Structure formats: structure tokens, C-alpha cells
Amino acid sequence: TTINMNTQIGSSLPSDKLDRSNYSSWEYKMNKYLVGQGYWSYIDNAQENKPEITNANYPTWEQGASRVMYFLETCAHNHMLSHIRDAKTPKEAWENLKKIFAADTSTCKPQLRQELNNIRQKEMSVSDYTAKIKSICDSLCSINVNINEDEMVQVCLGGLAQRFHPLRTAILARETPP
């Protein structure tokens, strides 16, 4: 695979910095960014692509690997850098982050479930409210907790602001709610 080394650094890096609350969306955005920039091979199959240090292609590989590490470091909060800094390859850095957030699963599950069950629209727009519900469901899905469509609808309807209660009542009165 030929890598374009002239890619503008930071031209369209994901703006959300990685922290403990956004791993799922951060991972998705970084994956798309690295694939789009032609660097995913440094994460996906880094060992197969890393040439020996004596190989003439090693400097090019090292430059690309350093660029990927830079992308990962730039898109993470400072307190997350220790999990990236000591990795020898971008793949190792990626796997370190994956392990950390997989370990957080047991504590995240009840917290996310509670957040989903307690969400209320209040002053949020309908699109912001549904996006927040979707974000929580995506986070749950990333830790292997599937939320079915019926549950999402129930959560959404249950937390609607007072001004939408007539709509909520009409939807719930139907024989087959959406």
C-alpha cells in the first residue's frame, strides 16, 4: 500500500479529544479518519507492514507510524497520553486504549443504563434529545449491551417534555406503537 506522506497534518482530525466518557464515538471517528487518510494499516496489521530497520522502506514506515502516533496523541486528553506514549507501534497504542476501555465496561454499564432510564428532554430540542438517547445507546452497544428499538422508543416517549405529552399519549394509545 502506498501512503501519501503529503497529507496535511491536522487538516480534518476529529475535534473530540478522547476521555473516559467518549471512547465509542472517538474510536469510530478515529477509525474513519485513519482509513480515509490511508493510515489504518498501521493499526490493522502493523506487524506485517513494519519493515526491518535495515530495509530501505523503514524510514518511510517510521514516518507514517510517527504520524499515526501524533494523530492519536493529538486527539486524546493529556491524562490519556500515558496509555499511548509507551507503545512501540500505533497498533500497540490502539490496543492499549481498547483494553483500558474494555476494562471500564463493568462500571460503565450501570451508569449508562441509569443515564438512559433517567434522561429527560426538558429544554433540549427534539433532535438534541434523540441524539443524546442515541449516543447513550451507542455507548451501551459498544460494551455489548444491546438496546432494542422498542426500548429506545419507550425511553424517548417517557422523557419527552410536558408540551409533547398529547403526542406521547396518542402514540402510546395506538395498537402498535412505532
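So the values come out like this:
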{"quantity": "Residues being at pLDDT 90 or above, in a helix (DSSP H, G or I) and either over 21 Å from GLN37 (Cα atoms) or not hydroxyl-bearing (Ser, Thr, Tyr) (or both) - total across the stretch 49-60", "calculated": "1"}
{"quantity": "Residue in the stretch 136-177 that is farthest from SER24 (Cα to Cα), counting only those that are open to solvent by 60 Å² or more (accessible area, probe 1.4 Å) and touching a helix residue (DSSP H, G or I) at 6+ places or on another chain (Cβ under 6 Å)", "calculated": "ARG168"}
{"quantity": "Filter result for ILE119 (among the aliphatic types (A, V, I, L, M), open to solvent by less than 70 Å² (accessible area, probe 1.4 Å), within 21 Å of GLU27 (Cα to Cα) and at pLDDT 90 or above)", "calculated": "no"}
{"quantity": "Neighbours by Cβ (under 9 Å, 6+ apart or cross-chain): first from the stretch 65-80, more than 21 Å from ASN45 (Cα to Cα); second among the acidic types (Asp, Glu)", "calculated": "CYS75/ASP16; ALA76/ASP19; HIS77/ASP19; HIS79/ASP19; MET80/ASP19; MET80/GLU73"}
{"quantity": "Any pair with Cβ under 6 angstrom, 6 or more apart, that starts in the stretch 32-61 at a residue that is within 16 Å of PRO90 (Cβ to Cβ) and ends at one that is among the charged types (D, E, K, R) and modelled with pLDDT of 90 or more", "calculated": "ILE43/LYS91; ALA46/LYS91"}
{"quantity": "Only listed residue being loosely packed, with under 12 Cβ neighbours inside 10 Å and within 22 Å of the chain's Cα centre (by Cα), chosen from PRO110, PRO59", "calculated": "PRO110"}
{"quantity": "Filtered residues of the stretch 137-154 (kept if farther than 16 Å from LYS109 by Cβ and among the aliphatic types (A, V, I, L, M))", "calculated": "MET152, VAL153"}
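The values are calculated or read from the model by the stated rules, or taken from the named source; none is laboratory data. Just so it is clear, the model here is predicted, and its values are computed rather than measured. Cβ sites come from the backbone with ideal geometry, for glycine too, and all protein chains shown count toward neighbours. For accessibility, only protein heavy atoms count, side chains too; no ligands or nucleic acids. Shrake-Rupley method; radii C 1.70, N 1.55, O 1.52, S 1.80 Å.
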